1. Restricting attention to segment 1-31, and to residues there that are free of Cβ contacts under 8 Å to residues at least 40 places away in the same chain and in contact with a strand residue (DSSP E or B) (Cβ under 7 Å, 6 or more places away or on another chain), which single residue is surrounded by the fewest Cβ atoms within 10 Å (Cβ to Cβ)?
2. Looking at segment 44-83, which of the residues that are more than 25 Å from Gly96 (Cβ to Cβ) and in contact (Cβ under 8 Å) with a residue 40 or more places away in the chain is farthest from the chain's Cα centre (by Cα)?
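Read-outs: derived from the displayed coordinates by stated rules, not from any lab. Just so we're clear, the structure is a prediction, and the values are computed from it rather than from any experiment. Cβ coordinates were reconstructed from backbone atoms using ideal geometry, including for glycine residues, and neighbour counts include every protein chain displayed.
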Amino acid sequence: MSHRPERVADLLRAEISAILARELSDPRVRLVTVSQVEVSSDLRHAKVKLSILGNEAERQAALEGARHARGFIRRQLGSRLSLRLVPELTFELDRGAEHSQRISDLLEELERERQSS
């Protein structure tokens, strides 16, 4: 089995992160981290998961900004990478950090309750 999709995903993650951080001028797309990229086995589609700081409205605005810049990001990837075909990009929120924070908060609350009893 080929590891090419995983290598392409790692390469895309690094390049998309750089583009979002340095070249995108949309003020909505701030404090965005590319947490994961999943590439289809035929390398035609890539699901980009974004971890975004802020409240829900700020996260949705940043996600819309990234979706709006999809064409620009693909063109930049095409000029930077030696791929025959640049995958179609789909952006999604990565809620993993949010869930981790919620679990951490619950554990801290349980610890405070245990200490006060």
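1. Leu31
2. Ranking the qualifying residues of segment 44-83, first place goes to Leu83.
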